[in-house]
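Worksheet: the structure to be examined is printed underneath.
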Amino acid sequence: PEDRIPHTTPQLIDRAAQLGYHVIAVTLHDRYFDPAPHVPYARERGVLLLSGIERSIGRSHVLLINFGPDSASVRTFEEIARLKTRSAGLVIAPHAFYPIPSALGPRLESNVCLFDAIELNSMYTRQVDFNRRAVALAKAHHKPLVGNTDLHRLDQLGTTYSLVDAEPQADAICEAIRAGRVEVRTQPIGWGRVG
């Protein structure tokens, strides 16, 4: 609804499968992604799709992974906390300290116990890396880091991702991440790939 995405979900699945991904979560801005229509296509390619949404709470983004459609209606951190009591979903802080209006920034610090993981975002270079503060916060609060491409173009896929020690099942993956059985693989991108 907010971004022009030049590829389709099947194209994303194909690219993920080519790169050896086993699981992907699609998190559209303020629109719930129901993987059901794409599950057979993804399964044929060895990819598990997770439901998700990048929900705006105020002006800040929060990733909600493996929740139901009701995740699209949450508007406050309190509502996210209630959502977590009803589901085994995962709450992730994306691009937490990037210099953009949708970054959580201090709101993450004051609500850190609500988050299951903190994102290490792929949009950084060797010279400019806004992930450093998020990495320090994750370490200070014993929160796992997850790698995320924040994909808007298919050529961005593969630079930053997570290796999760879990069976390829949605609830098991979320539990493994919460338990810290996740490792981020990342490499800085070149200036030509930023944006």
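Antiparallel DSSP bridges in the stretch 1-155: what percent, to the nearest 5?
If I count the DSSP bridges inside the stretch 1-155, around 50 percent turn out antiparallel.
Hey, what did the stretch 132-182 get for relative contact order, percent, Cα under 8 Å, at least 6 apart?
Numbers: 45 pairs, mean separation 16.9, N = 51.
Relative CO of the stretch 132-182 lands at 33 percent.
Note down the accessible area of I189, probe 1.4 Å, to the nearest 10 Å².
Accessible surface of I189 is approximately 20 Å².
Carbon and sulfur atoms: what percent of the 1.4 Å accessible area of the stretch 1-72 do they account for?
Result for the stretch 1-72: 51 percent of the exposed heavy-atom area is carbon or sulfur.
Once the stretch 1-96 is represented by equal point scatterers at the alpha-carbon sites, with solvent omitted, what log10 I(q)/I(0) does the Debye formula produce at q = 0.14, 0.15, 0.16, 0.25 Å⁻¹?
-0.53, -0.60, -0.68, -1.28
Taking the Kirkwood radius as the inverse of the mean 1/r across Cα pairs, report the Rg/Rh of the chain.
0.93
Normalising by the residue count of the stretch 1-137, find the relative contact order in percent from Cα pairs under 8 Å and 6+ residues apart.
Relative contact order, the stretch 1-137: 17 percent.
Just the accessible area per residue of the chain, please: how many Å² with a 1.4 Å probe?
On a per-residue basis, 50 Å².
Relative contact order, percent, of the stretch 78-195 when contacts are C-alpha pairs under 8 Å separated by at least 6 residues?
Once normalised by length, the contact order is 25 percent.
Can you give the Kirkwood hydrodynamic radius of the stretch 99-174 from its Cα pairs, in Å with one decimal?
After inverting the mean inverse Cα-Cα distance, the result is 13.9 Å.
Find, among the trypsin sites (Lys or Arg not before Pro) in the stretch 41-121, those assigned to loop by DSSP (not H, G, I, E, B) with at most 12 other beta-carbon atoms within 10 angstrom.
Sparse-neighbourhood loop trypsin sites (Lys or Arg not before Pro): R59, R75, R86.
Of the accessible area of the stretch 77-161, with the probe set at 1.4 angstrom, what percent is carbon plus sulfur?
57 percent
Once you put a point 7 Å from the Cα of Q127 and another 7 Å from the Cα of D70, both along the Cβ direction, what distance in nm separates them?
If labels sit at Q127 and D70, their model points lie 4.9 nm apart.
The values are calculated or read from the model by the stated rules, or taken from the named source; none is laboratory data. What you see is a predicted model, and the numbers here were worked out from it, not measured in a lab. In this analysis, Cβ positions are derived from the backbone assuming ideal geometry, glycine residues included, and neighbour counts consider all displayed protein chains. Ligands, DNA and RNA are excluded from the accessible area calculation, which covers all protein heavy atoms including side chains. Shrake-Rupley method; radii C 1.70, N 1.55, O 1.52, S 1.80 Å.
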